[in-house]
1. Check whether at least one residue in region 339-361 is closer than 19 Å to residue 455 by Cα, in contact (Cβ under 8 Å) with a residue 12 or more places away in the chain and either outside any helix (DSSP H, G or I) or in contact with a strand residue (DSSP E or B) (Cβ under 8 Å, 6 or more places away or on another chain) (or both), and report yes or no.
2. Being free of Cβ contacts under 8 Å to residues at least 24 places away in the same chain and in a helix (DSSP H, G or I) is the filter here; which residues of region 6-22 pass it?
3. Yes or no: region 397-407 includes at least one residue that is part of a helix (DSSP H, G or I), closer than 23 Å to residue 281 by Cα and not assigned by TED's automatic domain parsing to the domain that holds residue 18.
4. Collect the residues in region 127-185 that are over 33 Å from the mean Cα position of the chain (by Cα), surrounded by 14 or more Cβ atoms within 10 Å (Cβ to Cβ) and either in a loop (DSSP other than H, G, I, E, B) or modelled with pLDDT of 95 or more (or both), keeping them in residue-number order.
5. Collect the residues in region 223-253 that are closer than 22 Å to residue 21 by Cβ and touching a strand residue (DSSP E or B) at 6+ places or on another chain (Cβ under 6 Å), keeping them in residue-number order.
6. Determine if region 68-85 includes at least one residue that is more than 12 Å from residue 44 (Cβ to Cβ), in contact (Cβ under 8 Å) with a residue 40 or more places away in the chain and not in a strand (DSSP E or B).
């Protein structure tokens with residue numbers, strides 16, 4: 001399967017958010033599953049500075065966007081079994097930042113147009129183009145538009161991943177033809193128009209062959225007005241092609257046993273390094289070096305949908321608990337000012353860094369004990385997965401990917417891998433924080449078991465890659481190998497092996513019942529006994545010898561019943577079958593056996 005992955009950012013080349021982590025890991029995972037994968041993204045200034053010497057110039061061409069006729073260069077790089085393509089135009093992409101310019105619509109309109117028009121220069125013609133968010137939302141639209149005139153574009157299927165539906169690419173009606181070069185018919189039929197504006201994401205949702213969100217729960221939430229930012233009706237309309245695939249993380253990059261970015265390495269077998277990382281974090285952040293006080297950490301953009309209002313409401317109540325608080329991030333001024341003030345009130349117990357530093361964030365993941373994410377909405381979230389990988393237990397609100405990845409701790413049966421609360425309520429959040437803090441202090445053994453379950457979770461991209469391959473196969477009509485189709489539900493849990501083994505027996509019993517209809521019923525004595533002992537069977541599995549003996553015993557009455565049914569077909573017509581059944585029921589050996597079994 002030939003897949004072209006179109007994205008506006010990707011690790012390790014350029015990053016502003018979680019999209020870059022996904023685009024940097026998923027293509028390699030797809031290639032590992034046997035797909036032929038290429039990625040295309042803009043040739044930003046920062047990419048030239050870091051990787052310019054590694055890039056190979058392929059060719060150049062001209063791309064028409066509206067009335068513009070612009071140069072587009074094509075560069076490539078081979079990495080991890082994936083071909084990386086970079087589209088060059090210095091007017092649009094030779095800038096210090098990736099986004100935030102007044103002409104972002106034109107910049108990514110050009111990028112989307114170039115993705116389609118430069119296909120002839122790639123090493124393969126893709127069967128699927130996988131687009132991401134509004135920056136590449138025009139790709140499915142341009143393919144439909146060009147497909148009217150050129151047959152070759154009709155063979156390409158498109159998939160669209162929504163990483164955050166809040167960002168939709170909305171512009172005034174006047175840009176449709178002048179900027180994007182699209183006919184007025186795209187607006188007249190409502191495909192690309194919403195609330196009087198051009199809405200690129202809406203157009204892509206309607207035009208793409210498959211749409212997916214970055215977690216199963218977020219896919220369901222997008223059909224609700226609270227989460228969908230005015231697109232809930234479109235999402236419900238396209239429900240037939242909507243799915244949710246949970247993101248993953250790079251398990252090799254985020255490995256506490258070998259990560260060179262942390263002070264001391266550790267693993268499930270030897271957790272001593274975790275204490276050293278905690279001591280280093282306390283020293284680094286100016287906290288009291290108290291090894292038995294849990295550190296609660298927040299690494300986040302300081303914006304409202306991250307649930308920071310809840311923290312502001314009960315911060316003083318939180319600091320009354322025997323805990324320390326670490327905050328790393330930047331964002332809205334009101335949150336930055338509040339947390340800066342609070343850090344001064346609780347010196348030695350609370351530390352705030354209004355910045356984002358990769359090295360410091362890894363020190364926090366490794367050294368903290370609890371990780372707080374009370375998000376109002378969270379499409380997937382990677383921080384909670386990274387935190388669990390480093391044995392830092394998440395405290396999250398049950399929304400989006402947070403609900404799909406964190407199972408709440410239940411003390412009565414000792415299960416879960418973190419702490420959760422459902423309502424967007426500061427009181428509920430405080431209650432769960434208090435539960436987590438006192439579990440750490442008063443029940444260290446239970447906390448250690450909980451930490452072990454969190455570190456054992458598999459968040460690798462290999463699982464998600466199989467789900468994406470299934471989506472591609474569904475829209476292209478290709479058939480995946482049977483093994484991959486069976487592995488498509490990694491988050492729903494596989495059916496127990498015992499059920500799979502007993503399925504053929506149930507089918508045989510049904511066939512036998514049909515074959516012996518209106519005849520003497522087979523012996524029922526053994527089956528009730530097996531039903532009563534079912535719990536025992538789960539506790540102790542029978543040996544293979546016992547299984548074969550049991551199957552042989554179960555087959556005997558079925559064979560006997562089938563022989564009787566065949567004999568009855570050859571009997572001459574005599575008394576009605578009903579009378580024979582009544583007589584058999586009263587005097588036959590089956591009645592004696594049933595009576596004996598009942599006694």
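The values are calculated or read from the model by the stated rules, or taken from the named source; none is laboratory data. A quick note: this is a predicted structure, and the numbers were derived from the prediction, not measured. So basically every Cβ, Gly included, is an ideal-geometry build from the backbone, and we count neighbours across all protein chains shown.
1. Filtering region 339-361 down to residues closer than 19 Å to residue 455 by Cα leaves 361.
Then drop every residue that is not in contact (Cβ under 8 Å) with a residue 12 or more places away in the chain, which leaves 361.
After this cut, where a residue has to be either outside any helix (DSSP H, G or I) or in contact with a strand residue (DSSP E or B) (Cβ under 8 Å, 6 or more places away or on another chain) (or both) as well, the list is 361.
The answer is yes, given that some residue of region 339-361 is closer than 19 Å to residue 455 by Cα, in contact (Cβ under 8 Å) with a residue 12 or more places away in the chain and either outside any helix (DSSP H, G or I) or in contact with a strand residue (DSSP E or B) (Cβ under 8 Å, 6 or more places away or on another chain) (or both).
2. Selection gives 20 alone.
3. Of all residues in region 397-407, those part of a helix (DSSP H, G or I) come to 400-405.
Cutting the leftovers down to closer than 23 Å to residue 281 by Cα gives us none.
No, the conditions are met nowhere in region 397-407.
4. 179, 181, 182
5. Once the filter is applied, which keeps residues that are closer than 22 Å to residue 21 by Cβ and touching a strand residue (DSSP E or B) at 6+ places or on another chain (Cβ under 6 Å), region 223-253 yields 243, 244, 245.
6. Checking region 68-85: at least one residue is more than 12 Å from residue 44 (Cβ to Cβ), in contact (Cβ under 8 Å) with a residue 40 or more places away in the chain and not in a strand (DSSP E or B).
Let's see how each residue does on (1) surrounded by fewer than 17 Cβ atoms within 10 Å (Cβ to Cβ); (2) modelled with pLDDT of 95 or more; (3) assigned by TED's automatic domain parsing to the domain that holds residue 138; (4) over 30 Å from residue 176 (Cα atoms):
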{"residue": "43", "(1), (2), (3), (4)": "no, yes, yes, no"}
{"residue": "47", "(1), (2), (3), (4)": "no, yes, yes, yes"}
{"residue": "50", "(1), (2), (3), (4)": "yes, no, yes, yes"}
{"residue": "56", "(1), (2), (3), (4)": "yes, yes, yes, yes"}
{"residue": "82", "(1), (2), (3), (4)": "no, yes, yes, yes"}
{"residue": "85", "(1), (2), (3), (4)": "no, yes, yes, no"}
{"residue": "92", "(1), (2), (3), (4)": "no, yes, yes, no"}
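Let's see how each residue does on (1) part of a strand (DSSP E or B); (2) within 16 Å of residue 168 (Cβ to Cβ); (3) out of contact with any helix residue (DSSP H, G or I) (no Cβ under 6 Å at 6 or more places or on another chain):
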position	(1), (2), (3)
204	no, yes, no
252	no, no, yes
255	no, no, yes
261	no, no, no
